[in-house]
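The block underneath contains the structure these notes are about, expressed in structure tokens.
Only the coordinates and a few stated rules stand behind these numbers; no lab work does. Small disclaimer: the values here were computed from a predicted structure and weren't measured. Positions of Cβ are generated from backbone atoms using ideal geometry, with glycine treated the same way; all protein chains shown enter the neighbour counts.
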Amino acid sequence: MRLVFAALSGGLFGTGLFVSGMTDSRKVQGWLDIFGDWDPTLAFVLGGAIIPMFFAWRLTEGRRPALGGVFPPKPPVRLDGNLIVGSLVFGMGWGLAGLCPGPAIASLSFGGQSGLVFALAMVVGMLVAVPLRARLDALPRPA
Amino acid sequence: MLQFEWVTGALGGLIIGAAGALFLLANGRIMGASGLIGGLVDGSGRDSWKERAAFVGGLFLVPAILAFAVGGGQTHVSPNLWIVASAGILVGIGTRFANGCTSGHGVCGISRLSMRGIVATVFYLIGGGISVLLFRHILGVI
């Protein structure tokens, strides 16, 4: 049952990305292009997505997930270099191609060669991140 | 003037939020694309790999069917494979260091009023803005 609902959620996510136009890199780059021909669509997408999620989080209070287990606890507020530099690096790649991880998978069937290369490179980046992070964490920190 | 694309954007956004709400309330999991994929790729999500694979499978398959049935499957991603590969590597490394992307930090984090989600969103928007400014307007490669 968990697998059915996971597949349903993934399918619904893909439907939303497709309907909203977020699988089109021009819309994403248009949103980020504040010095050019700015396209505000992404704000409507993010705003629309936050509304059901806001109510979903409220519904988690004092309850358990329908299929068992526990809801993910809120992680401690740790605004460290990994979060900030990682987000900046992600943003640079996001702007360069106009794709982020969700739309990269959702558009894989019709994204042609470029879509495939992006997804493979993303996987390589995710693999590289593991030893890179371990190495950076092992560096002595300035006192 | 309200444009048609803003309406479909908001409608698609509501569907994305409904997907995240379903995954949270049914499976008790946060719908973060980079985390779900990353856990499959580096083996850190080994104990939940079936659930992750089912999610990614649905995410791939349903838009494939939609694009085939109704058309409109256009990504307009650069044909320059060096640009595309560089962008993919940056997205892969960045999302794993930040522990999240647009769906995890943006959709699921902001809606929970998570400070980490809000800070991450601010910084990837800054990174994206700088990227388009640099590569489109200064270097002219995209």
Fewest to most Cβ atoms within 10 Å: B:Ile130, A:Ile34, A:Ile84 sort as A:Ile34, B:Ile130, A:Ile84
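From the square roots a ≥ b ≥ c of the eigenvalues of the alpha-carbon gyration tensor of the protein assembly as shown, which class results: rounded (a/c under 1.5), prolate (a/b over b/c), or oblate?
Numbers: a/c = 1.37, a/b = 1.08, b/c = 1.27.
Since a/c stays below 1.5, the shape of the protein assembly as shown is classed as rounded.
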Pick out the long, greasy-scoring helices in chain B: whole DSSP H runs spanning 18 Å or more along their own axis by Cα, mean Kyte-Doolittle at least 0.5.
B:4-22, B:49-70, B:81-98, B:115-132
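Can you put A:Asp24, B:Asp42, A:Asp37, A:Asp80 in order, fewest other beta carbons within 10 Å first? Before the final figure, lay out each step's value.
Working: A:Asp24 24, B:Asp42 17, A:Asp37 7, A:Asp80 10.
Going from sparsest to densest Cβ surroundings: A:Asp37, A:Asp80, B:Asp42, A:Asp24.
At 15 Å minimum axial length over the Cα atoms and a Kyte-Doolittle cut of -0.5, report the qualifying DSSP H helices in chain A, or say none.
Values: long enough: A:2-20 (27 Å, 1.43); A:41-60 (30 Å, 1.56); A:81-97 (24 Å, 1.39); A:112-138 (40 Å, 1.33).
In chain A, the long hydrophobic H runs are A:2-20, A:41-60, A:81-97, A:112-138.
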The range B:78-142: relative contact order from alpha carbon pairs under 8 Å, six or more residues apart, as a whole percent, is 19
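For n ≥ 4 DSSP H runs only, could you compute -39500 (n - 2.57) per run for chain A, divide by its residues and tell me the 222 nm figure to the nearest 500? Please report the intermediate quantities before stating the final value.
Details: 6 runs with 97 residues, N = 143.
Rounded to the nearest 500, it is -22500 deg cm²/dmol.
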Quick check on chain B: helices-only [θ] at 222 nm, where DSSP H runs of length 4 and up contribute -39,500 (n - 2.57) each and the sum goes over total residues. Nearest 500, please.
-20500 deg cm²/dmol
Mean Cβ neighbour count within 10 Å, used as a protection proxy, ranking A:11-19, A:69-77, B:69-77 highest first:
A:11-19, B:69-77, A:69-77
Would the range B:91-142 count as rounded, prolate or oblate if I go by the C-alpha gyration tensor, calling it rounded below 1.5 in a/c and otherwise prolate when a/b exceeds b/c, oblate otherwise?
prolate
Once fully extended, how much extra length lies between B:His137 and B:Phe68, figured as 0.36 nm per residue of separation less the alpha-carbon to alpha-carbon distance?
21.4 nm
For labels at A:Val77 and A:Leu136 in the simple 7 Å Cα→Cβ model, what's the distance in nm?
2.3
